[in-house]
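First comes the structure, then the notes that go with it.
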Amino acid sequence: MSFLFDKDTWQEIYSSIRKNKMRTGITIIGVMWGIFLLVVLLGAAKGVENNFNKLFGNFATNSVFVWAQSTSKPFKGFQEGKGLTLKMTDLDNIKNEIEGLEFVVPRHQTQALAINNFKSGNFGIFGDYPELDKVQKKDLVYGRFINDNDIKEKKKVCVIEEEIYKQLFDKDVYPIGQYIKINNINYNVVGMYKQGQVGTGGPQGNIHIPFTTFQQVYNRGNTIGWMMITGKPEYDIKQIEADVKLLLRNLHKVHPQDERAFGSFNLGERIAQVTGFLTGMQFLTWFVGIATLIAGVFAIGNILLITVKERTKEIGIRRAIGAKPWEIKRQIILESVFLTSIAGALGIIFGGLVLMLIDATIGSGPEAALTNPTVDIPVIIIAAVTLVVLGTLIGLIPAQTAVSIRPIEALREE
């Protein structure tokens, strides 16, 4: 390895590059573009994945939402268009009849004006059970979520989103223990969570109150607005969705083939589709990046072949005065590795700068298209090592060409 620290070795490499500045520069750009493209595409793919996880990461992925609509077929004396409403008894039947359920969480929702002193805003008001925090995890900043005691005693308590705090309270006010007025009823704030969860909330944020309190205040009786059903990991959420809707048709005397009577949104199925898309995008990114890398490395091989051709006489002289074949090979391979390493380092640096620029522009704010677009260090190391290995292998071709020339023939070269 002492040849790596030999001044003559690096002078020769510098001399070779200097003689072909334009050609070498274009070749380096080709390899640099490959690693640059790989870093940027992988970072962008990671940013999309992070953004997806930010939006849906707090949800239990094996979930489906179910709500009542109206019939589209007459059945057992009932006309088409009969309005349907989910009830608490439906919840009990689903729990008892459907296999593979982990949670069945009923919910209510409305819009209302919330007031604190002279500040107010129109927010989404949700009636919820404590189980919601298990299927749609809240990132609490202060306090707690609704508990069983709140449900049992129908307490006038609420959990607010961070955006609501910013609109209704001064910055230095501690929210827990404060009161906000909703429909002329005072609610004690017991928790505050960070915004970012996906949901059907108000235009400016969500307020959660106990489900039983919602029923009492808004006179909803034993009805349910909609329910969020989560299946156990080993069960197919699509089958659970079909079983639940079939059971509800039977309970509400709806035609077995009436698809409009009960609406649903299968979150598990959508997440599986997006996950498959992200996997495909990452595979395509690797394919495009590696293909571009290989093309750039082959360009280095070609320029070294040309260099060997131009230095035929020089190689012949070196062979004639005693240079061993492996010394010639070593020099050319080292030049190949040097060029690929320089190109790779530049590509990684510029790729990182572009990802920083993306993060600073479209990667920030609540409407960010990408979230923290980065590439893991192990991936960078693998790409760099792959580049060096490819540079070594491609350097063997011109190196072998160089040592295959007989010294006497090389000296005759004009």
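The values are calculated or read from the model by the stated rules, or taken from the named source; none is laboratory data. Just so it is clear, the structure is predicted and the values come from calculations on it, not from any experiment. Note that we place each Cβ from the backbone using ideal geometry, even for glycine, and neighbour counts take in every protein chain shown. Surface areas here come from the heavy atoms of the whole protein model, side chains and all, with no ligands, DNA or RNA. Shrake-Rupley method; radii C 1.70, N 1.55, O 1.52, S 1.80 Å.
Observations
- Within the range 174-196, none of the residues are within 23 Å of Asp90 (Cα to Cα) and open to solvent by less than 70 Å² (accessible area, probe 1.4 Å).
- Gly100 vs. criteria within 32 Å of the chain's Cα centre (by Cα) and on the phi > 0 side of the Ramachandran plot: yes
- Verdict on Ile146 being open to solvent by less than 10 Å² (accessible area, probe 1.4 Å), under 27 Å from Ile229 (Cβ atoms) and among the hydrophobic types (A, V, I, L, M, F, W, C): yes
- Scope the range 202-242; condition open to solvent by less than 10 Å² (accessible area, probe 1.4 Å) and closer than 30 Å to Asn184 by Cα; matching residues: Gly205, Ile207, His208, Ile209, Pro210, Phe211, Thr213, Phe214, Ile224, Met227, Met228
- When the range 226-279 is filtered for residues that are in contact with a strand residue (DSSP E or B) (Cβ under 8 Å, 6 or more places away or on another chain), in a loop (DSSP other than H, G, I, E, B) and without any contact (Cβ under 8 Å) to a residue 40 or more places away in the chain, nothing remains.
- Unique match (being over 20 Å from the mean Cα position of the chain (by Cα) and either modelled with pLDDT under 85 or assigned by TED's automatic domain parsing to the domain that holds Phe298 (or both)) among Thr371, Thr340: Thr340
- For the range 63-77, taking the residues that are among the small types (Gly, Ala, Ser) and modelled with pLDDT of 85 or more, the one that is farthest from Ala261 (Cα to Cα) is identified as Ser63.
- In summary, strands (runs of 3 or more DSSP E) completely within the range 63-136 and bearing 2 or more residues that are of a type in the set (D, E, K, R) and open to solvent by less than 80 Å² (accessible area, probe 1.4 Å) occur at 119-128.
- Residues of the range 212-225 satisfying the condition of being polar (S, T, N, Q), in contact with a strand residue (DSSP E or B) (Cβ under 9 Å, 6 or more places away or on another chain) and outside any helix (DSSP H, G or I): Asn222, Thr223
- Single match in Lys156, Lys171 (criterion: over 28 Å from the mean Cα position of the chain (by Cα), at pLDDT 95 or above and among the basic types (Lys, Arg)): Lys156
- When the test is whether a residue is small (Gly, Ala, Ser) and at pLDDT 90 or above, Ala60 does not pass it.
- Residue in the range 28-35 that is out of contact with any strand residue (DSSP E or B) (no Cβ under 7 Å at 6 or more places or on another chain) and either of a type in the set (D, E, K, R) or at pLDDT below 65 (or both) present: no
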